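Let me begin by presenting the structure, written as structure tokens, before commenting on it.
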Amino acid sequence: MIAKRGGVGVRGGRPGREAPGLEGEAPLQPAGSFPGHYGAFLQEEWDLLQRMILLAHERLSVPVTCKIRVFPEIDRTVQYAQMLEKAGCQLLTVHGRTKEQKGALSGPASWEHIRAVRKAVNIPVFANGNIQCLRDVEQCIQSTGAQGVMSAEGNLHNPALFEGRSPAVWELAEEYLAIVQQHPCPLSCVRAHLFKLWHHTLQVHQQLREELAKAKTLEGVSAVSRELKLRCQEDASRQLEGEEPAGGLPFFHWVCQPYVRPGPGEGSKEKGVCSRRALESGRPDVLSKNKQKKQLRNPRKTFDPSLKPKYAKCDQCGNPKGNRCVFNLCRSCCKKRAFKETADCPGHGLLFKTKLEKALAWQREQPGRQEPQQPGPGGLGGFPGVVGSARA
């Protein structure tokens, strides 16, 4: 099982192999679970996590590893890690940020939390957070005592991070595309990796950004990458001696370098354009590029939440109810109630009572058939006569 990045992850086993449930135990995924019931959103449900890891540890032939985010309190984070160790986790990666620290609100990761966890458990601990270059790796190990270090965005922008190099971007882009030729993968993955590699160059040559986004084939993506290489080589040839990189970057844009996530208010400054991070930082007056494209296709479309139509809610689950539902429920809840009570709801097109009456009338018309009993409490959905005739 692998949870999404940024939350509680449990790893182990082979793809396609599901471990059977424990006898007498409740399902690991509770019935009626709500959206977002995964990753760091599970970190309050220690009993569920403990059973998940225990199940994987007992039924799999490979070690179980976990990746977690921290709580604001160090003591609670330590107890959390000790619980996972006791359940069967054999290697723990600690991302030194809370579940609220994401997007523009990421902020620095707390190595202090990681150090406390490392001292409190007996299993190997890997650290995650604040890694932008090889020097950060060394400092992280010294500060936390961790046995290993992980990097996410820093490694995506400079895959040579753990080699301590900052090569030309096109060098790693060509190496990556050669790997893709040998081991094909979805084109969306290829584009995503190239957007990370060419991140700073695409801020300079923005017209090629659109071409990379619109490329439909691997050859088209490779062609854009080759054009970016030529542009970078031209920029490098025009570089003056002693010239400093623009934008406060440590290196020129054609060189792989550390990536620092923009903070609140540091998104695109272009009029009418903002990134998702800018929207998260409290600038709802501007539209993202994706929403601008939707508005071009439909000029009357609005994204103002106050102008969206308001729907009456279902009496049971809170979803929008059917306008003509006789029970004032959404379709899902209405179907369950109509089935249980053998009732009709013309508004949702559910005719359980009508169909039962037709079935009973048809049975009465058949010669030599015993008069069916009327449905009573505990019947199978209110259709005992129909079920009985099907079994005959």
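Extension gain residue 79-residue 365, at 0.36 nm per residue separation less the Cα-Cα distance, in nm?
On the way: separation 286, 0.36 × 286 = 102.96 nm, distance 7.06 nm.
Taking residue 79 through residue 365 to full extension adds about 95.9 nm, to one decimal.
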accessible surface per residue for region 105-152, probe 1.4 Å, DNA/RNA/ligands not counted, whole Å² -> 48
Run the reach check for residue 229 against lysines, Cα to Cα strictly under 24 Å, same-chain hits fewer than 8 apart removed. What comes back?
196, 214, 216
Alpha-carbon centroid distance for the pair region 150-192 / region 46-83, whole angstrom:
31
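Order 80, 311, 176, 38 by their accessible area, 1.4 angstrom probe, all chains in place, largest first. Present the calculation step by step, with values, prior to reporting the outcome.
Numbers: 80 0, 311 150, 176 45, 38 100 Å².
Reading off the accessible areas and sorting them downward yields 311, 38, 176, 80.
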Taking loop as defined by DSSP and a crowding limit of 16 other beta carbons within 10 Å, which trypsin sites (Lys or Arg not before Pro) in region 74-153 fit?
102
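Output the relative contact order of region 27-178, whole-number percent, from Cα pairs under 8 angstrom with separation of 6+ residues. The partial results should precede the final answer.
Numbers: 203 pairs, mean separation 24.9, N = 152.
Relative contact order of region 27-178: 16 percent.
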Scoring region 35-90 by relative contact order with C-alpha pairs under 8 Å, at least six apart, yields a percentage of 45
Hey, which lysines would be in cross-link range of residue 353, C-alpha to C-alpha under 20 Å, not counting anything within fewer than 8 residues on its own chain?
335, 336, 340
Before anything else, pin down the relative contact order of region 128-235: Cα pairs under 8 Å, at least 6 apart, normalised by residue count, whole percent.
22
Where in region 333-365 does the label zone of residue 324 land, with the point 7 angstrom along Cα→C-beta and an amide N cut-off under 12 Å?
345-350
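The values are calculated or read from the model by the stated rules, or taken from the named source; none is laboratory data. Remember, it's a predicted structure, so these values are computed and weren't measured experimentally. With ideal geometry, Cβ positions are generated from the backbone for all residues, glycine too; neighbour counts draw on all protein chains shown. Please note that ligands, DNA and RNA were not included when accessible areas were found on the heavy atoms of the full protein model with its side chains. Shrake-Rupley method; radii C 1.70, N 1.55, O 1.52, S 1.80 Å.
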